[in-house]
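Chemist: I have a structure I would like to understand better, so I am pasting it below and will then ask my questions one at a time.
The values are calculated or read from the model by the stated rules, or taken from the named source; none is laboratory data. Values in this document were obtained by computation on a predicted structure and should not be read as measured data. Using ideal geometry, Cβ is built from the backbone for each residue, glycine included, and neighbour counts are taken over all protein chains shown. Areas reflect the complete protein model, heavy atoms only, side chains present, ligands, DNA and RNA absent. Shrake-Rupley method; radii C 1.70, N 1.55, O 1.52, S 1.80 Å.
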Amino acid sequence: MSKIQDLIDELCPDGIVYKPIEKVAKIKNGRDYKHLNSGRYPVYGSGGVMTHVDYFIYDKVSVLIPRKGSLGNVYYQKDPFWVVDTIFYTQIDESQIIPKYFYHVLIKAKLAEYNQAGGVPSLTQKVLNKIKIPVPPLEVQKEIVRILDRFTLLEAELEAELEARRKQYAHYRDSLLFSDKIKYNYLNLSEVGVISTGKTPSKLESSAWSEGINFVTPSDIRNGQKYISSSERTVDKEWVFNKNWKVVKDNSILVTCIGADMGKAVIPTQESVFNQQINSIEVSDNVDIEYLYYWLVSRREYMLRLGRKNGSTMPILNKTNFSKIVVNLPELWLQRKISKQISVFDALVNDISSGLPAEIAARRKQYEYYRDQLLTFKELESASA
């Protein structure tokens with residue numbers, strides 16, 4: 001930290017130049033990949049890597065910025081890649097800005113706050129291009145990257161260890177949920193509960209957006225999260241009542257049904273409404289909610305495949321197709337026994353209050369703290385972008 005301050009005092013004592021993104025990088029659109037064959041180059045959507053193909057859209061270091069969907073997911077990619085039309089890639093002017101520094105700056109920028117849509121969250125090139133970011137001398141950028149990379153490297157090592165444990169857990173979970181020794185009833189999801197699709201209040205309806213009940217979107221749900229008690233945004237309870245919107249609580253499961261984040265599931269513990277990227281299942285009395293939750297989590301890849309069948313670069317699983325998914329249900333007492341067994345191992349790999357998840361969360365908070373400190377500068381008043 002002191003070395004950075006020394007560099008700033010020496011190289012830019014009067015402040016740091018802030019520039020709009022368009023001055024340091026060109027934002028480029030992604031394209032469909034369906035005409036390509038399988039290969040080694042990753043295909044990115046707003047939720048991450050979707051598949052691998054035999055050709056690349058860009059072969060230089062780039063920072064990938066979601067255009068639609070999970071706007072907070074910024075990616076640093078140093079190897080050749082392809083991107084679909086739900087995410088932008090950037091051609092970075094490395095004479096002005098180090099790509100990894102650009103990546104850290106964009107994470108700090110909280111791009112989700114620049115959402116331009118009332119439905120599926122969206123960003124435009126016009127908005128992104130005008131966002132001003134600090135561009136200190138390259139020596140300062142390099143030192144900031146060196147410090148922040150120490151945090152991200154340690155987190156990556158912990159994530160790799162946790163991923164190995166999660167694979168072991170998934171194998172154990174699936175062996176309990178799909179056993180050839182159990183007699184099952186096979187039912188459509190519509191037969192095990194009432195299914196509803198969410199909505200989003202218009203931005204013009206300012207009375208809707210106030211302190212009240214949770215308004216859950218996919219970005220509120222992290223992978224492996226079993227329960228949700230709060231959300232980033234809330235809506236007025238009386239407004240929801242007057243609109244006769246579906247309100248769910250602890251007898252329901254929320255499942256994301258659009259984009260690469262499709263298939264995330266969570267059980268709300270507080271009264272909640274949800275947006276149109278989510279379907280809810282109000283579970284019947286003859287179904288153990290935790291069994292169905294674990295079953296849905298286990299079928300995430302299957303739901304993604306279903307969503308991609310419509311030929312879109314944005315996988316979508318509408319209410320009709322979601323309702324037709326077939327679930328295997330043993331007797332209720334056995335559902336409860338299985339869910340109890342799974343929950344013990346689930347806590348080991350997903351409970352953020354203990355073990356590796358807690359350590360990763362602590363490292364992430366450290367990174368966020370130092371990132372925000374290191375990337376906060378006095379702006380050079382006389383600078384012109």
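Chemist: Take the residues of the stretch 340-366 that are out of contact with any Lys or Arg (no Cβ under 9 Å at 6 or more places or on another chain) and among the hydroxyl-bearing types (Ser, Thr, Tyr): which is modelled with the lowest pLDDT?
Modeler: Step by step, filter the stretch 340-366, then rank; the result is SER353.
Chemist: Separate question: If a residue must be within 15 Å of LYS199 (Cα to Cα) and open to solvent by 20 Å² or more (accessible area, probe 1.4 Å), how many such residues does the stretch 236-263 contain?
Modeler: Number of matching residues: 11.
Chemist: Right, SER343: out of contact with any strand residue (DSSP E or B) (no Cβ under 7 Å at 6 or more places or on another chain) and touching a residue at least 12 places away in the same chain (Cβ under 8 Å) or not? Walk me through it before giving the result.
Modeler: Working: out of contact with any strand residue (DSSP E or B) (no Cβ under 7 Å at 6 or more places or on another chain): yes; touching a residue at least 12 places away in the same chain (Cβ under 8 Å): yes.
In short, yes.
Chemist: Taking TYR41, is it crowded, with 16+ Cβ neighbours inside 10 Å, aromatic (Phe, Trp, Tyr) and touching a Phe, Trp or Tyr at 6+ places or on another chain (Cβ under 6 Å)?
Modeler: Yes: the conditions hold for TYR41.
Chemist: Something else: Taking the stretch 64-79, which residues are more than 16 Å from the chain's Cα centre (by Cα) and open to solvent by 40 Å² or more (accessible area, probe 1.4 Å)?
Modeler: LYS78, ASP79
Chemist: Any idea which of VAL266, VAL326, VAL273 is modelled with pLDDT of 95 or more, among the hydrophobic types (A, V, I, L, M, F, W, C) and open to solvent by 10 Å² or more (accessible area, probe 1.4 Å)?
Modeler: Result of the check over VAL266, VAL326, VAL273: VAL326.
Chemist: Return a yes/no flag: does the stretch 116-133 have any residue that is basic (Lys, Arg) and within 30 Å of SER298 (Cα to Cα).
Modeler: no
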